[in-house]
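The values are calculated or read from the model by the stated rules, or taken from the named source; none is laboratory data. Values in this document were obtained by computation on a predicted structure and should not be read as measured data. Cβ placement follows ideal geometry from the backbone for every residue including glycine, while neighbour counts extend to all protein chains displayed. Areas reflect the complete protein model, heavy atoms only, side chains present, ligands, DNA and RNA absent. Shrake-Rupley method; radii C 1.70, N 1.55, O 1.52, S 1.80 Å.
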Amino acid sequence: MINPEPKDIEAIMYYRLVGFNNLDYDNHILWAAMMGYSNAQLYNLSQNIINSEDSSKFKFSEAYRLSYTDIYDFSTKKQSLKKWQIELGLNHLENEYEWDKPVDKSHWEEIADYCVNDVVTTEAVWNHLSVDWKARCILADIADMPPNTRTNALSLAIVFGNNKYPELVYTDLKTGEQTRGR
């Protein structure tokens, strides 16, 4: 899709969306586009998410639920999609246009090809990380939570259940003495 309307974005929400680093970026851009943000507003949102010391101020809580899962999040090896492309010998493209400048319509197909390449290689990384995905599904099943839930949240749910304020026990490794605390 090139410059989709909000209704076009809404139409893809019925699919199980899988992305790469989408929990922290793409989901929020999609949400804003679905809400009718202009291209200029989307650009500003993108810049705020990327460059802000506290990007959470610019994110939408509802957007975290848009996707089925995030490959970067469930991957045990944290690296960029570009690094995965290189490591796995996948087609690696760079965008030659400045991100903060409008691109002439005559170059839109080049930009679309760049994006399609990222989609194709994202699928290849998904296939490569099938064991990590199985592990995520097992964690999500044990925690009784969706697979889009971050690994840390799944682990906490497994260990502490629904108790948001568990009583912690601290053990001094030298003496074995235990103290209770929060």
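Scan segment 70-94 residue by residue and report those that are farther than 14 Å from ASN127 by Cα and either within 10 Å of the chain's Cα centre (by Cα) or aliphatic (A, V, I, L, M) (or both).
Correct list: ASP73, ILE86, LEU93.
Without any contact (Cβ under 8 Å) to a residue 12 or more places away in the chain and open to solvent by 40 Å² or more (accessible area, probe 1.4 Å): does that describe ASP54? Show your work before the answer.
Details: without any contact (Cβ under 8 Å) to a residue 12 or more places away in the chain: yes; open to solvent by 40 Å² or more (accessible area, probe 1.4 Å): yes.
In short, yes.
Only residues that are of a type in the set (Gly, Ala, Ser) and either loosely packed, with under 12 Cβ neighbours inside 10 Å or touching a Phe, Trp or Tyr at 6+ places or on another chain (Cβ under 6 Å) (or both): list them for segment 75-125, please. Working first, answer last.
Going through segment 75-125, the residues of a type in the set (Gly, Ala, Ser) turn out to be 75, 80, 89, 106, 112, 124.
Listed by number, the residues that qualify are SER80, GLY89, SER106.
Consider ASN148 against the criteria (1) of a type outside the set (A, V, I, L, M); (2) touching a strand residue (DSSP E or B) at 6+ places or on another chain (Cβ under 9 Å); (3) part of a helix (DSSP H, G or I): it satisfies all of them except one. Which criterion is unmet?
(3)
Which pairs turn up if I take residues in segment 72-86 that are within 14 Å of ARG150 (Cα to Cα) and among the β-branched types (Val, Ile, Thr) and look for partners that are open to solvent by 30 Å² or more (accessible area, probe 1.4 Å) and outside any loop (DSSP other than H, G, I, E, B) with beta carbon separation below 8 Å, at least 6 apart in sequence or on another chain?
Listed pairs, sorted by first residue: THR76/ALA135.
Which members of segment 12-41 meet the condition of being loosely packed, with under 14 Cβ neighbours inside 10 Å, assigned to a helix (DSSP H, G or I) and not β-branched (Val, Ile, Thr)?
ASN39, ALA40, GLN41
Looking only at helices (runs of 4 or more DSSP H) that lie completely in segment 54-145, which have at least 1 residues being polar (S, T, N, Q)? It would help to see each step written out before you state the result.
Numbers: elements: 71-74, 81-87, 108-128, 130-143.
Of the helices (runs of 4 or more DSSP H) lying wholly inside segment 54-145, those with at least 1 residues that are polar (S, T, N, Q) span 81-87, 108-128, 130-143.
Scan segment 157-179 for residues that are small (Gly, Ala, Ser) and exposed (fewer than 11 other Cβ atoms within 10 Å of the Cβ) and jot them down. Don't jump to the end; show me each part of the working.
Taking segment 157-179 first, the residues small (Gly, Ala, Ser) are 157, 161, 176.
Result: GLY176, single match.
Across segment 126-156, which residue is most open to solvent (accessible area, probe 1.4 Å) among those that are among the polar types (S, T, N, Q) and modelled with pLDDT of 95 or more? It would help to see each step written out before you state the result.
Pass one, segment 126-156, residues among the polar types (S, T, N, Q): 127, 130, 148-149, 151-152, 155.
Remaining after also requiring modelled with pLDDT of 95 or more: 127, 130.
Working: ASN127: 94, SER130: 49 Å².
Per the criteria, the residue is ASN127.
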